[in-house]
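Accompanying notes for the structure given below.
The values are calculated or read from the model by the stated rules, or taken from the named source; none is laboratory data. Quick caveat: nothing in here was measured; it's all calculated off a predicted structure. Note that each Cβ is placed from the backbone with ideal geometry, even for glycine, and that neighbours are counted across all protein chains shown.
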Amino acid sequence: ANWLMLQGTEPADNAPRAKVWGFIQPMYSKDFSDAFAGKYVPPKLIGPSLDSQSSFNILRARIGVRGTGFPLDSHINYFLLTEFGNNAITNGGKYGSYKPYLTDASITLNYIKGARVRLGLFKYPGAEEGLQGIAAFPYIGYTSVTNQMLLERFPTNGETNIAPQTVPNADMNAFSAPVGAFRDVGAQVFDAFDVGNWEHTYAVMLGNGHGVQMSDNNSSKDLYLYWSSAYLFDKSAKGPFRPSLKMFTWYQKGKRTDAYDNTKEQDRKRYGVGVSYLKKPFRVSAEYMWGQGMIFQGQQNPQRMFNNNKAAGGYIEGGYFIPNTKFELDLRYDTYKRNKGIMKGPTPEAKFNTWTAGVNYHFNKKTRFTLDYSIRKYSSVFTPVNNQLKDVKGLLALQVTAVF
Amino acid sequence: ANWLMLQGTEPADNAPRAKVWGFIQPMYSKDFSDAFAGKYVPPKLIGPSLDSQSSFNILRARIGVRGTGFPLDSHINYFLLTEFGNNAITNGGKYGSYKPYLTDASITLNYIKGARVRLGLFKYPGAEEGLQGIAAFPYIGYTSVTNQMLLERFPTNGETNIAPQTVPNADMNAFSAPVGAFRDVGAQVFDAFDVGNWEHTYAVMLGNGHGVQMSDNNSSKDLYLYWSSAYLFDKSAKGPFRPSLKMFTWYQKGKRTDAYDNTKEQDRKRYGVGVSYLKKPFRVSAEYMWGQGMIFQGQQNPQRMFNNNKAAGGYIEGGYFIPNTKFELDLRYDTYKRNKGIMKGPTPEAKFNTWTAGVNYHFNKKTRFTLDYSIRKYSSVFTPVNNQLKDVKGLLALQVTAVF
Amino acid sequence: ANWLMLQGTEPADNAPRAKVWGFIQPMYSKDFSDAFAGKYVPPKLIGPSLDSQSSFNILRARIGVRGTGFPLDSHINYFLLTEFGNNAITNGGKYGSYKPYLTDASITLNYIKGARVRLGLFKYPGAEEGLQGIAAFPYIGYTSVTNQMLLERFPTNGETNIAPQTVPNADMNAFSAPVGAFRDVGAQVFDAFDVGNWEHTYAVMLGNGHGVQMSDNNSSKDLYLYWSSAYLFDKSAKGPFRPSLKMFTWYQKGKRTDAYDNTKEQDRKRYGVGVSYLKKPFRVSAEYMWGQGMIFQGQQNPQRMFNNNKAAGGYIEGGYFIPNTKFELDLRYDTYKRNKGIMKGPTPEAKFNTWTAGVNYHFNKKTRFTLDYSIRKYSSVFTPVNNQLKDVKGLLALQVTAVF
């Protein structure tokens, strides 16, 4: 699927003035991890508030409007989406931080051939897992590399680190600001070109580098670059399930002002490369990503975010749509190494390997049930950190997704 | 009216993909209570912020979407509703705690005959006053037993009790988290069965027991049971004003983690029985309810919530729709006794008796004006508390309700 | 344009049950002011968080519903609008204070000839710059007199003054509550009368005097009075761009409870007179306003709001729609003098003069691009304040407005 085009533009011929749409994702999670020395850390607890090992939740409840505003003019379209669910966008995690949030508010100007311009708040051109529409995301949780390295956290002055807690019911999340949500506010130039059965897509964007928090807190801006080339098995097909083989690469660079000392800034860099194949009944995708600076050290450690550490990780996953049934089977392996080469101290090297097996049952084109079970092998080169990580165990998640 | 069916399902034949709907309730309140020894307590002030004896307000401003998502499949429907008004859901009461909130986000699967499954955030099966649609609720304020015993409050660590204040303009509300709003996040199995002119309805639900705060803060879940049997005077009638005689009973049980010491948990139990008769021009309804544990001690006393006290109360009310006019006359008596049998100390026995006389003027099927005047007789067996409660006097409220 | 009628009523013949509408305003701002002695103050920084000299932003992202609810009855209409953008309504400015907000929730009863009644939260009848629809406002920023004297700020107990900061990246905004947004909750009686080619409009309103914070924090209510007389060049024309010459005057009076000592109240008074001419290709408008009490002293000084100082200011501006093009040229001069006659101390007299040159490019009837550049000459009679104000320089702003 070409997410830049699907999310940033409308069909030229028949877009509505204002289509109300959205989706709901009720879910249930259970974490089977054990305490170490009677204490718990965030990966053993259910987010965003990290104060229980089992919980129902409304992971997402999105309501939006999209269309062309003035239907006589197909040169301009807009996309507006709000989030009322309970996740790391609406709820930094610290008690009392829930509030609905704007996730997307963009206007696209389609005047210049080969250079569409998208302005506002929207998903920046980047890694497939963040860029794809949630309604088409076959798993419930993100991979470790996406969750930790790409889903940016923003500490606020006054937030302090939290030690491991003796009961799972204690709030272990120190953050109150929303995560970046793979989004930024800025201006993007992009377009897609057909060359035979190939579709090439590029995007260049400048943004605040401040996630969904709409205004910037420094004057430097983030730069985003993106390229993809997709071989289309069926040129007439459209939408998120269009059969294709897509290769892509992306790059992102910016600066972050230190929340605890606003005279300092820290560089942040991320880049990656990936491939995705979809032709029913099969789907296979894989991606590898690298990062330096602003490496996340867990929801309990906001004061350790302003580092210049290195990290890298990736995943390979596949799906099988059992013919003549509503079932889809999914399997994913992901790996992430953070703080590469640091052997001790407050931010030691740690490794996160996860196998996730899943089933999707598609009631209809707009509604599906998902069951995921993850086996997690976490470790660190530094014993005090490793003691907690080694007891991170299985995670069960059930979810229904209904799109309207 | 059968609220479980009206709110949880859609007509099988003609539900829309996405119907935008909602309602607005502007209002004005004036409290005629006197200060005692120059000081004020919460029942003498206007909520949610409890810092004035007269105020205009937007009690509710709800916008939602409901339908079947994929109109070709009537097996699945959804219900989404957001609240932007200023009440105890959006505004715990403490200054600065207002924020819009999600009140409902559910998906209903209608596949198994006799066992519909509703998932997500929605009204739990319980007492009539909480379960009924607000647009059909003939009064402006809740009864004391509903407001105090059923409308659950959630203290947050750090919130402290507030002493009586010398001016009405001082903020007397210590809570910042939203009330439970008669809702929970979880899974409900339910259905309705017709036997001649009788309609029997059951519901069993498991939920977080954490109100509209979507994720749980402990691993124990709340259990809800519900049964109703209604005699239908007109089997072809539908909607909230269907003529019927309905008897119902409900039960709810769970645990709450102590906000001030998260190693402790407190049991919470509620149950009740009631009857409602509606056949224009008359309406009569009555209900009695019992509770133990987590008995609310006023908006100024969050630190006294984690108790194992007992309480009980009920109401009887009726309405008369004056034939050939747009007027409806209403009268309600309600009573509530909290902390039964406790003669002194921080949570002494107190009694709350209220007569409410009201008028509804129905401009049209979607819009009405309501005037309510309440006479309140409050008392306590413990003199320091009784001194304040005995001066609680009349309360006037005016409201317009517009549904769209 | 007659904003009271356009916003408060619907056409009697063909209003929808529920029209979903709104607008999006992505923007970019750059402030060219210099530090004084290495330090910054709010007018040199980009709002609402005042922690940068350049930023992309979503200035407004509004979603609403309006119509008649029950389409068979044109006597009643409603207007509901929510704000998800990042401005002084949703974000007082202090870190972490962003939350979506309800800006309008009103019901209009059109039963009494000559006396329509509007109830709820809506724009009070007042100055043209605040009352007009944002979609028709030709500039990006408000004039100084409107921003400082009319756009009311509400300090909260605990908020303290902030000294000038050594880096632009430090948060300079001490307020967390939403601004008044030219709105109030209350009841308004109003109507418009045609006499030949003249249209006379009056409004009388009582409100909380607490802006968009829906409940009042004291028992005194604000009084609003409004009168306008417009000569219509084309009686059949409708909407915000109806050709007319309009003269208007307004008055507003109320009391504010001191946030830092809630036993005290401060009077607040505002009044003004203005004229607006619109007949394409020309537009000219001018207004002058006076105020006493609650004179705003900057986002860094919440503790200085409860004063009885005097202020006054106004603007004259014009627009030229270049015939046969999509371009509109705009020029505005505005002036504001606050704390008149106070020669030193914490709230000394200060003067704010601004020239703003702008261009609007109208892509279509619903979408336009705006470029504004402002030259600001600020000064104070008191040297310590003047030192900072004299270095306030140019401000560049770019914006796209898309209405749907």
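Is it the case that residue B:211 is at positive phi and within 13 Å of another protein chain (Cβ to nearest Cβ)? Step through it out loud before you land on a result.
Numbers: at positive phi: yes; within 13 Å of another protein chain (Cβ to nearest Cβ): yes.
Criteria met by residue B:211.
Does residue C:339 meet the test of being polar (S, T, N, Q), surrounded by fewer than 21 Cβ atoms within 10 Å (Cβ to Cβ) and modelled with pLDDT of 95 or more? Let's see the steps before the verdict.
Details: polar (S, T, N, Q): yes; surrounded by fewer than 21 Cβ atoms within 10 Å (Cβ to Cβ): no; modelled with pLDDT of 95 or more: yes.
No; evaluated as a whole, the condition is false for this residue.
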Could you please find all residues in segment C:71-94 being modelled with pLDDT of 95 or more, in contact with a strand residue (DSSP E or B) (Cβ under 9 Å, 6 or more places away or on another chain) and small (Gly, Ala, Ser)? C:85
Residues in segment A:230-244 that are among the hydrophobic types (A, V, I, L, M, F, W, C) and either in contact with a Lys or Arg (Cβ under 6 Å, 6 or more places away or on another chain) or farther than 18 Å from residue A:10 by Cα (or both): how many? 3
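Residue by residue through segment A:345-371, note down the ones that are under 18 Å from residue A:148 (Cβ atoms) and either within 14 Å of chain B (Cβ to nearest Cβ) or part of a strand (DSSP E or B) (or both). Steps first, please.
Of all residues in segment A:345-371, those under 18 Å from residue A:148 (Cβ atoms) come to A:346-356.
Result: A:350, A:351, A:352, A:353, A:354, A:355, A:356.
Regarding residue A:43, is this residue crowded, with 20+ Cβ neighbours inside 10 Å, closer than 30 Å to residue A:161 by Cβ, at pLDDT 95 or above and not charged (D, E, K, R)?
Numbers: crowded, with 20+ Cβ neighbours inside 10 Å: yes; closer than 30 Å to residue A:161 by Cβ: yes; at pLDDT 95 or above: yes; not charged (D, E, K, R): yes.
In short, yes.
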Could you tell me whether segment B:95-107 includes any residue that is polar (S, T, N, Q), in contact with a strand residue (DSSP E or B) (Cβ under 9 Å, 6 or more places away or on another chain), within 15 Å of residue B:185 (Cβ to Cβ) and in contact (Cβ under 8 Å) with a residue 24 or more places away in the chain? yes
I'd like to verify a number: residues in segment C:95-150 that are touching a Lys or Arg at 6+ places or on another chain (Cβ under 6 Å) and small (Gly, Ala, Ser), how many? 1
Out of the residues in segment B:348-404 that are without any contact (Cβ under 8 Å) to a residue 12 or more places away in the chain and more than 22 Å from residue B:45 (Cα to Cα), state the one that is surrounded by the most Cβ atoms within 10 Å (Cβ to Cβ). B:364
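One line per residue, one yes/no per condition, for (1) out of contact with any Cys (no Cβ under 8 Å at 6 or more places or on another chain); (2) of a type in the set (Lys, Arg); (3) more than 24 Å from residue A:145 (Cβ to Cβ); (4) without any contact (Cβ under 8 Å) to a residue 40 or more places away in the chain:
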| site | (1), (2), (3), (4) |
| --- | --- |
| A:224 | yes, no, no, no |
| A:229 | yes, no, no, yes |
| A:236 | yes, no, yes, yes |
| A:244 | yes, no, no, no |
| A:254 | yes, no, no, no |
| A:266 | yes, no, no, no |
| A:278 | yes, no, no, no |
| A:282 | yes, no, no, yes |
| A:290 | yes, no, no, yes |
Which of the residues belonging to segment B:53-67 are in contact (Cβ under 8 Å) with a residue 60 or more places away in the chain and at the interface with chain C (Cβ under 7 Å from one of its Cβ atoms)? B:53
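Matching residues to (1) in a strand (DSSP E or B); (2) closer than 30 Å to residue B:52 by Cα; (3) within 9 Å of another protein chain (Cβ to nearest Cβ); (4) under 19 Å from the mean Cα position of the chain (by Cα):
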{"residue": "B:89", "(1), (2), (3), (4)": "no, yes, no, yes"}
{"residue": "B:95", "(1), (2), (3), (4)": "no, yes, yes, no"}
{"residue": "B:103", "(1), (2), (3), (4)": "yes, yes, no, yes"}
{"residue": "B:111", "(1), (2), (3), (4)": "yes, no, yes, no"}
{"residue": "B:122", "(1), (2), (3), (4)": "yes, no, no, yes"}
{"residue": "B:126", "(1), (2), (3), (4)": "no, no, no, yes"}
{"residue": "B:142", "(1), (2), (3), (4)": "no, yes, no, yes"}
{"residue": "B:149", "(1), (2), (3), (4)": "no, yes, no, yes"}
{"residue": "B:154", "(1), (2), (3), (4)": "no, yes, no, yes"}
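Suppose we filter segment C:27-36 for residues that are outside any loop (DSSP other than H, G, I, E, B) and out of contact with any helix residue (DSSP H, G or I) (no Cβ under 8 Å at 6 or more places or on another chain); how many remain?
Qualifying residue count for the region: 4.
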Residue A:50 vs (1) more than 7 Å from chain B (Cβ to nearest Cβ); (2) on the phi > 0 side of the Ramachandran plot; (3) more than 22 Å from the chain's Cα centre (by Cα): all pass except (3)
Limited to segment B:12-33, what total is found for residues that are among the charged types (D, E, K, R) and at the interface with another protein chain (Cβ under 7 Å from one of its Cβ atoms)? 1
Please work out which residue is farthest from residue B:281 (Cα to Cα), limiting yourself to segment B:325-344 and to residues that are part of a strand (DSSP E or B), out of contact with any helix residue (DSSP H, G or I) (no Cβ under 7 Å at 6 or more places or on another chain) and not hydroxyl-bearing (Ser, Thr, Tyr). B:337
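Within segment B:68-79, can one find any residue that is within 14 Å of chain C (Cβ to nearest Cβ), surrounded by fewer than 20 Cβ atoms within 10 Å (Cβ to Cβ) and more than 29 Å from residue C:156 (Cβ to Cβ)?
In the first step, residues of segment B:68-79 are kept if they are within 14 Å of chain C (Cβ to nearest Cβ); the result is none.
No: segment B:68-79 contains no residue that is within 14 Å of chain C (Cβ to nearest Cβ), surrounded by fewer than 20 Cβ atoms within 10 Å (Cβ to Cβ) and more than 29 Å from residue C:156 (Cβ to Cβ).
Give B:151, B:121 a once-over and let me know the one that is at pLDDT 95 or above, under 29 Å from residue B:338 (Cβ atoms) and surrounded by 23 or more Cβ atoms within 10 Å (Cβ to Cβ). Show your work before the answer.
Working: B:151 fails: surrounded by 23 or more Cβ atoms within 10 Å (Cβ to Cβ).
One residue alone meets the criteria, B:121.
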I need a count of the residues in segment A:37-87 that are part of a strand (DSSP E or B), of a type outside the set (Val, Ile, Thr) and within 19 Å of residue B:215 (Cα to Cα). 10
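Would you confirm whether or not segment B:170-184 contains a residue that is hydroxyl-bearing (Ser, Thr, Tyr), out of contact with any Lys or Arg (no Cβ under 8 Å at 6 or more places or on another chain) and in a loop (DSSP other than H, G, I, E, B)? First the steps, then the outcome.
Within segment B:170-184, the subset hydroxyl-bearing (Ser, Thr, Tyr) is B:176.
Okay, now just the ones that are also out of contact with any Lys or Arg (no Cβ under 8 Å at 6 or more places or on another chain), so none.
So far as segment B:170-184 goes, no, none of its residues is hydroxyl-bearing (Ser, Thr, Tyr), out of contact with any Lys or Arg (no Cβ under 8 Å at 6 or more places or on another chain) and in a loop (DSSP other than H, G, I, E, B).
With the structure loaded, tell me whether residue B:82 is within 14 Å of chain C (Cβ to nearest Cβ), touching a Gly at 6+ places or on another chain (Cβ under 7 Å), farther than 25 Å from residue C:217 by Cα and hydroxyl-bearing (Ser, Thr, Tyr) or whether it fails that test. Break it down into steps so the answer makes sense when it comes.
On the way: within 14 Å of chain C (Cβ to nearest Cβ): yes; touching a Gly at 6+ places or on another chain (Cβ under 7 Å): yes; farther than 25 Å from residue C:217 by Cα: yes; hydroxyl-bearing (Ser, Thr, Tyr): yes.
Taking the combined requirement at face value, the residue satisfies it.
How many residues are buried (at least 22 other Cβ atoms within 10 Å of the Cβ) and within 11 Å of another protein chain (Cβ to nearest Cβ) when one looks only at segment A:189-207? I'd like the intermediate steps shown before the answer.
In the first step, residues of segment A:189-207 are kept if they are buried (at least 22 other Cβ atoms within 10 Å of the Cβ); the result is A:203, A:205, A:207.
Next cut, within 11 Å of another protein chain (Cβ to nearest Cβ) only: A:205, A:207.
Here the count works out to 2.
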Sort out which residues of segment C:128-140 are assigned to a loop (DSSP other than H, G, I, E, B) and among the β-branched types (Val, Ile, Thr), and write them in order of number. C:140
